[in-house]
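Undergrad: Dropping the structure in here first, questions after.
The values are calculated or read from the model by the stated rules, or taken from the named source; none is laboratory data. Keep in mind the model is a prediction, meaning the values are calculated, not measured. Note that each Cβ is placed from the backbone with ideal geometry, even for glycine, and that neighbours are counted across all protein chains shown.
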Amino acid sequence: LVAGTEFDGMNNSDLEGIIVKTHGSSATRGIFNNAAQIWNHDFYWRSMKKDGGGNPPAKLAKMLKESFGGVQEFADAFAASGTGHFGSGWAWLLYDRGSNKLQVVSTPNADSPLLTSGYYPLLTMDVWEHAYYLDYLNVRKKYVDVFLEHLINWDFALQRL
């Protein structure tokens, strides 16, 4: 995909730059899709941990309360984002640098918050069928519940604040 383009021989350490540069161009759509999915999936793996879930650290719990009304309200919003997303995509917990608040958003396909200035991703959940179908068939809600209750990596989110 990159042979003969400005990205030929480029180091993967600038994956975020590749994503931003290739977004929105039909000529670089394939490069964008592959680069963004690599970045999103890497971020997804770090958004989970064995024996995750539970209560977030105090600083993050405080921000969740200020932004959503509480940890449970955040979980409800995140679950709604993941289960309500039509088709394939991602649910995200973002830090909004402008308001100093947290937000939940979903993005389609390979899109990510890297494409929106002012937002900093803290966590993501993959809602493509490949993330849950083998374990939960078409019951995305069960996957989302397990993600929130047993996998979410609050420590990773806190480190990113």
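Undergrad: Could we say that residue 154 is surrounded by 18 or more Cβ atoms within 10 Å (Cβ to Cβ) and over 22 Å from residue 23 (Cα atoms) here?
TA: Details: surrounded by 18 or more Cβ atoms within 10 Å (Cβ to Cβ): yes; over 22 Å from residue 23 (Cα atoms): yes.
For residue 154, the condition - surrounded by 18 or more Cβ atoms within 10 Å (Cβ to Cβ) and over 22 Å from residue 23 (Cα atoms) - is met.
Undergrad: Still on this structure: Select from region 108-119 the residues that are without any contact (Cβ under 8 Å) to a residue 60 or more places away in the chain and out of contact with any helix residue (DSSP H, G or I) (no Cβ under 7 Å at 6 or more places or on another chain) and list them in ascending order. Break it down into steps so the answer makes sense when it comes.
TA: Here is the first cut: in region 108-119, the residues without any contact (Cβ under 8 Å) to a residue 60 or more places away in the chain are 108, 113, 116-119.
Hits for region 108-119 are 108, 113, 116, 117, 118.
Undergrad: Take residue 75 and decide whether it is among the aliphatic types (A, V, I, L, M), over 21 Å from residue 16 (Cα atoms) and touching a residue at least 60 places away in the same chain (Cβ under 8 Å).
TA: Details: among the aliphatic types (A, V, I, L, M): yes; over 21 Å from residue 16 (Cα atoms): yes; touching a residue at least 60 places away in the same chain (Cβ under 8 Å): yes.
Criteria met by residue 75.
Undergrad: Within region 34-51, work out how many residues are closer than 25 Å to residue 15 by Cβ and either in contact with a helix residue (DSSP H, G or I) (Cβ under 8 Å, 6 or more places away or on another chain) or of a type in the set (Phe, Trp, Tyr) (or both).
TA: In the first step, residues of region 34-51 are kept if they are closer than 25 Å to residue 15 by Cβ; the result is 34-49.
Keeping just the survivors that are either in contact with a helix residue (DSSP H, G or I) (Cβ under 8 Å, 6 or more places away or on another chain) or of a type in the set (Phe, Trp, Tyr) (or both) gives 35-36, 38-39, 43-49.
Count: 11.
Undergrad: Would you be able to tell me the number of residues in region 21-33 that are in a helix (DSSP H, G or I) and touching a residue at least 40 places away in the same chain (Cβ under 8 Å)? Give the steps one after another, and end with the answer.
TA: Of region 21-33, the ones in a helix (DSSP H, G or I) are 21-22, 26-33.
So of that shortlist, the ones also touching a residue at least 40 places away in the same chain (Cβ under 8 Å) come out as 32-33.
Of the residues in region 21-33, 2 are in a helix (DSSP H, G or I) and touching a residue at least 40 places away in the same chain (Cβ under 8 Å).
Undergrad: Cβ contacts < 6 Å: first residue closer than 8 Å to residue 53 by Cα, restricted to region 135-152; second residue at pLDDT 95 or above, any location; separation 6+ or different chain. Result?
TA: Listed by first residue and then by second, the contacts come to 147/125; 148/75; 149/53; 150/53; 151/48; 151/52; 152/52; 152/53.
Undergrad: Quick one: in region 8-20, of everything that is of a type in the set (A, V, I, L, M) and in a helix (DSSP H, G or I), which residue is nearest to residue 116 (Cα to Cα)? Spell out how you get there, then give the answer.
TA: Residues of region 8-20 that are of a type in the set (A, V, I, L, M), as a first pass: 10, 15, 18-20.
Then drop every residue that is not in a helix (DSSP H, G or I), which leaves 15, 18-20.
Working: 15: 16, 18: 15, 19: 12, 20: 10 Å.
Taking the candidates together, the pick is 20.
Undergrad: I would also like to ask the following. Can residue 66 be described as within 19 Å of residue 149 (Cβ to Cβ) and either out of contact with any Asp or Glu (no Cβ under 8 Å at 6 or more places or on another chain) or not β-branched (Val, Ile, Thr) (or both)?
TA: Values: within 19 Å of residue 149 (Cβ to Cβ): no; either out of contact with any Asp or Glu (no Cβ under 8 Å at 6 or more places or on another chain) or not β-branched (Val, Ile, Thr) (or both): yes.
Answer is no for this residue.
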